[in-house]
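A.B. asks: There's a structure below that I have some questions on.
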Amino acid sequence: MPRNAIAAQSPAPLPPGLVRARGAHSRWAFLIDLGVLIFVFAAIYGVYSIGRSWLGPAVPGAKISQRPSILPLYALYSLVRISVAYAFSLAFALGYGYVAASSRRAEIILVPLLDILQSIPVLSFLPGVMVAMVALFPNRQVGLEIGSILLIFTGQVWNIAFSFYSSLKTVPRELREAAIIYRFGRWQKFAQLDLPFSTIGLVWNSMMSVAGGWFFLMACEMFVLGDRDFRLPGLGSYLQTAASHGDTRALLWGVGTMIGVIVLLDQVIWRPVILWADKFKFEQVESGDKSRHSILTFLGKASFVIRAYRFLVLPFFSRLTLVFAGGARRAARTFSHPKAEQSRPWIGWILGSTVLVGLGFAIFHAGSEIAGLHREDYSALLRSAALTFLRVNAALLIGALWTVPVGVAIGFNPRFARIAQPLVQIAASIPATALFPVILLFLIRMRGGLEIAAMGLMLLGTQWYILFNVIAGAMAIPTDLKEASRIYRFGRWARWRYLILPGIFPYLVTGLLTASGGAWNASIVAEYFHFQGRIVSTAGLGSTISRASDSGRFDILLAATLIMATVVVLINRLLWRRLYRLASTRFKLES
Amino acid sequence: MTTSTIAVEPIIEARRLEKYYPQPDGSRIQVIAPTDIAIFPGQIIALLGPSGCGKSTMLRMLTGLSPVSAGSVLWHGHPLSDESPNVGIVFQSFALFPWLTVLENVEAPLEARGMPRLERDKRALRIIDAVGLDGFESAYPKELSGGMKQRVGVARALVVEPEVLFMDEPFSALDVLTAETLRGELLELWLDKKIPTRAIFIVTHNIEEAVELADRIIVLGRNPAHIHANFTVDIAHPRDHKMPEFVELVDAIYRALTKPDHAGELIPASEGTHATGKKHIIMLPHTRPGGVAGLMEILADQGGKADLHQLARDLSLEVDALLPAVDTAVLLGMLKVEEGDAIITPEGQEFAAADIQQRKAIFRKAALANVPLLRQMEQALKAKANRTLPAEFFHDLLDEHFSEEEAHRQLETALQWGRYAEIFDYDASTGKLILTES
């Protein structure tokens, strides 16, 4: 959607050179049209079968088939869930970020709230979401579907919202002033300034969010809530069923399919989107290497696509701009007070008091829920929090220990990087949870095997954040500094001490910060698992949350969630934010 | 553009325009002292002054981008808040939308006014043609050179047919040759009446640029900003930089800029006053000691006396670069400025001839004798048993006299000087000042 919103502003309808000339005259244009049409038919059939499944009667304990031939359909189901959840996430995040950035009063509440929401693991939302959805649609599968989508949504939305918010806050002053002085209306300012400026951040965070969606897919498609067993046909439930039956063949088929889908998505969607987003880089000079993606060129050649774009999308968006421009003309009268917030205090009061009443209500109920817990429960909770704390940080340490040297090696050596980077990217995009059952097969018989497995899963899920940041940091170290360290014959130790570690420090902190939050969230799937017909778990806050959710112990679930959110927010505030400040002052590489 | 046109009614009139930031303790930080400015049709007005003196804030208040603290801005006699003035601004950083093509950038303001597509295209293409951008309509800004980018900025500003064209340091991000070309083109558009704009208001720190373009030059003094001098330019276009009256005027402006700041001698009617009620604290010019040393050496080489304008020209420096060094040398008693001439003092002579270590000693003596802030800092450090104080302590002191940003710059300058003079040492990682034991 944002893509069209931006492109539609162009009076010259198409990016010249890329589309028109080559597309119209290509001999293969007809075949490409045909391909696109076949694709559309396939998509229509997919929508049809999804509709049939969603609108069908509710099947509470649906049997998840283990036939490999069902996998394409299951993959489609999961893909649609993740895509719908992502679409909602994006829409919600844009609204949330926009409000947080444009109203100072809302900002005070919304930004810290984001911090807290981000630290709450997916499963903690599960009981509330599921009970509400099943109550709303007692006889239809659609209730379960929406519930599952909402769960995926809660794992995807927060970082996109934060990215949009922080982009909006960093729009250069003179650009904002230009928009005011030339009387941009709200819509035009959003479409021509806010959204394009935020696009690159949105794209990268969307990739991270969708990866998170795959990571937690197994938890979101199949779960027990008290005495009720919820299952939705999909790739996640397929994998989970295979794991709990110990069906190695099915497991491998499932993992293979998931990897295939993710690699395909990466090639067909994310690569082209990243290339396209390059247009929105806020830079004065064009960067050297320009690569073109085959899919973009491919679509560009289909005259079918061109026509749809030219005759449907473009007119719609210019109409929209003009409709809103009328509003801009009226708004121009209040020109000299562009920032003056319309003071309608009563709206604020009503909103504020509604929020307060809701909060009071929630706190009261939460309090009475938790009041039933005994002292032993609390000490058990705190002990498990301590265990997870140790596990998370051990995983971070191990992650840093291997990623720093490898990342620096990749970053310092362009030729090596060209080979390694795509491989690493594919490895990183495979959700560790899908591999987890396979790993468990080997580790389960060992002493302390589950402990290793839990840490291994956290590591698999989060080490990539560190690795990518270290690579970026190593690449950002200026060549003249590297040359200086060579000329003065720094030894290996001096090189690391004076050049590499300070150079990558800001990037390392960013990577560790993201990884730390991710590892805490991953603990709910890492510490507790249905495997070969039984539950394997290791003590920790994550397994406490999973077990509480399984057995319907809402009081423990609530208390554990509160503890986890508190711990994560505290670590962020006390440790990461300080390191971050240090990184952005002392270790900033300035020209 | 003669003085006779001034008889007509102004397009914009600012009366007792002020900008200040109220402080929690009830006092205020005055950024711009009460100032009167009028923009008349048919004139190019240049607002000239060293950087950081409040020129840009003034421009933003006149356009309505920044709210005024006191006083009023009138457009054709009506308050700005009731009008929707038709203006364009050309920004120093160009402020183009990098994701829009040249044509889209220029059309964006028209689109905002709800103009239909065909009309939009027609107008935008006409103005793109006029500024010499034809052929670049579908290019993205990052593909263009700085000069071409600013042409887009000018086209975007002119496409709305603004009554007043505002320009905020429009040429200072460009190289000298490109800037000269663009100035010439702007004058051509203006003098040949190819654009419907009735007045141009340009903010600059470049004296020659102001003299080349403007019919009237307003020189701003700073801390707080106020009108320091006012010049009318009666030289016929095209104005050659080597013409005697051109050079003479540039000299006169130089003299005004270097003159101790007793505002009001030249234009008593609209002078500004120092509205701060606090005890006066000397504002340090933002220079590094190395710059002062360089200036003294050059002066000594030239026999101890030089015309400032000539000097700036020889060194191809703009006011911004030269004046702070001159101010510093004057403050330290190494230099005197008389009628636009810089004359070296015996102390300055000694400083210029000394080696590195001696220079530091001379600088130290001069700094402690003439800069109250450094003296204060030394005394405060001496009063402490461990001879150590956090830099924040001094920052808080400066905060009472300057805006947040200026206080920061003042402290930074003081740290530079103090370290060079070996009065104290500063540890950036702990943020602490330590007295140097001699």
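What follows draws every value from the coordinates through simple rules; no lab data is involved. If you're wondering where the values come from, they're calculated on a predicted model, not measured in any experiment. No Cβ is skipped: glycine too gets one built from the backbone with ideal geometry, and neighbour counts run over all protein chains shown.
A.B. asks: What is the Cα coordinate range of chain B on the first, second and third principal axes, sorted by size from largest, in whole angstrom?
C.D. replies: The principal-axis extents, from largest down, are 77, 51, 47 Å.
A.B. asks: Same structure, new question: In a solvent-free Debye calculation with one equal scatterer on each Cα, what is log10 I(q)/I(0) for the range B:21-97 at q = 0.17, 0.19, 0.25 Å⁻¹, listed in the order of the q values?
C.D. replies: Here log10 of I(q) over I(0) equals -0.84, -1.02, -1.46.
A.B. asks: Now for a separate question. Using every alpha carbon pair in the range B:127-206, what percent of pairs falls into each 5 Å bin from 0 up to the bin containing the largest distance?
C.D. replies: Using 5 Å bins, I get a P(r) of 3, 14, 28, 27, 19, 8, 1 for the range B:127-206.
A.B. asks: When the Kirkwood hydrodynamic radius is evaluated over all pairs of different C-alpha atoms of the range A:200-265, what value in angstrom, to one decimal, is obtained? Mind dumping the intermediate values first?
C.D. replies: Details: mean 1/r = 0.0763 Å⁻¹.
In the range A:200-265 this quantity evaluates to 13.1 Å.
A.B. asks: I would also like to ask the following. Build a GNM of chain B with springs between Cα atoms under 10 Å: which of B:ALA321, B:ALA369, B:ALA225 gets the top mean-square fluctuation?
C.D. replies: Sorting by GNM fluctuation, first place goes to B:ALA369.
A.B. asks: While we're here: Taking every alpha carbon pair in the range B:182-224, what does the distance histogram look like in 5 angstrom bins from 0, in percent?
C.D. replies: Bin by bin from 0 Å, the calculated values are 5, 18, 29, 23, 13, 6, 4, 2.
A.B. asks: Please list the non-local residues whose amide H lies under 5 Å from the amide H of A:PHE531, H modeled 1.01 Å from N, same-chain partners needing a gap of 5 or more.
C.D. replies: Distant-sequence amide H within range of A:PHE531: A:VAL536.
A.B. asks: Report the extension gain between B:ARG198 and B:GLU9 in nm, rounded to one decimal, defined as 0.36 nm multiplied by the number of residues separating them, less their alpha carbon distance. Don't jump to the answer; show the numbers that get you there.
C.D. replies: Working: separation 189, 0.36 × 189 = 68.04 nm, distance 1.25 nm.
Stretched fully, the B:ARG198-B:GLU9 segment lengthens by 66.8 nm.
A.B. asks: Same structure again: Pulled fully out, how much extra length does the chain show between A:ALA476 and A:ARG249, if you take 0.36 nm times their separation in residues and subtract their Cα-Cα distance?
C.D. replies: 77.2 nm
A.B. asks: Calculate how large, on average over all directions, the projected area of the Cα convex hull of the range B:301-349 is; give the answer in nm² to one decimal. Working shown, then result.
C.D. replies: On the way: hull surface 12.6 nm².
Across all orientations, the range B:301-349 yields a mean hull projection of 3.2 nm².
A.B. asks: So what's the range B:326-438 giving for Rg/Rh, alpha carbon basis, Kirkwood Rh from the mean inverse pair distance?
C.D. replies: A ratio of 1.01.
A.B. asks: Another one. Below 8 Å between Cα atoms, with a sequence gap of 6+, how large is the relative contact order for the range A:459-591 in percent?
C.D. replies: 26
A.B. asks: Could you give me the ³J(HN,Hα) list for the range A:439-453, computed from phi with Karplus coefficients 6.51, -1.76, 1.60 and θ = phi - 60°, whole Hz, x at Gly and Pro?
C.D. replies: Once θ is set to phi - 60°, the couplings for the range A:439-453 become 5, 4, 3, 7, 7, 4, 7, 6, 6, x, x, 5, 4, 4, 4 Hz.
A.B. asks: Each residue of the range B:39-53 in turn: what ³J(HN,Hα) in whole Hz from Karplus with 6.51, -1.76, 1.60 and θ = phi - 60°, glycine and Pro shown as x?
C.D. replies: These are the phi-based 3J(HN,Hα) values: 10, 9, x, x, 10, 9, 10, 10, 9, 10, x, x, 5, x, 9 Hz.
A.B. asks: Which angle between 0 and 90 degrees, to the nearest 10, do you get for helix B:289-301 versus the longest principal axis of chain B when only C-alpha atoms count?
C.D. replies: 90
A.B. asks: Let me understand the range A:342-436 better: what is its radius of gyration from the alpha carbons, and its Dmax, in angstrom?
C.D. replies: 24.8, 63
A.B. asks: Rg and Dmax of the range A:411-511, using alpha carbons, in Å: what are they?
C.D. replies: Both quantities, over Cα of the range A:411-511: 17.8, 54 Å.
A.B. asks: Next question. Cβ under 9 Å from A:SER148's Cβ, A:SER148 left aside: what net charge do those residues give with Lys, Arg +1 and Asp, Glu -1?
C.D. replies: Taking every other residue near A:SER148 into account, the sum is -1.
A.B. asks: Something else: For the range B:85-167, state the average projected area of the convex hull of the C-alpha atoms over all orientations, rounded to one decimal in nm².
C.D. replies: Reported value for the Cα convex hull: 5.0 nm².
A.B. asks: Cα axis of helix B:404-420 to longest principal axis of chain B: angle in degrees, 0 to 90, nearest 10?
C.D. replies: With both axes taken from Cα atoms, the answer is about 40 degrees.
A.B. asks: Please list, ordered by chain and number, the residues whose modelled amide H lies under 5 Å from the amide H of B:ARG28; skip anything fewer than 5 residues away on the same chain.
C.D. replies: B:GLN23
A.B. asks: On to the next question. Which whole-number percent of Cα pairs in the range A:167-280 have a distance greater than 18 Å? All intermediate terms of the calculation are to be shown ahead of the outcome.
C.D. replies: Details: 4235 of 6441 pairs.
Result: 66 percent of Cα pairs exceed 18 Å.
A.B. asks: Which percent of the Cα-Cα distances in the range A:445-591 go past 20 Å?
C.D. replies: When all Cα pairs of the range A:445-591 are counted, 61 percent exceed 20 Å.
A.B. asks: What are the ³J(HN,Hα) values, in whole Hz, obtained from phi via the Karplus relation 6.51 cos²θ - 1.76 cosθ + 1.60 with θ = phi - 60°, for each residue of the range A:474-491 in sequence order, with x given for Gly and Pro?
C.D. replies: So the Karplus estimates, Gly and Pro as x, are 5, 5, 7, 5, x, 4, 5, 5, 4, 5, 4, 5, 6, 4, 7, 6, 4, x Hz.
A.B. asks: How high is the FRET efficiency between B:GLN349 and B:GLU185 when r is their beta carbon distance and R₀ equals 45 Å, given to the nearest 0.05?
C.D. replies: 0.45
A.B. asks: Quote the relative contact order of chain B in percent (integer), defining contacts as alpha-carbon pairs under 8 Å separated by 6+ residues.
C.D. replies: Reported relative contact order: 15 percent.
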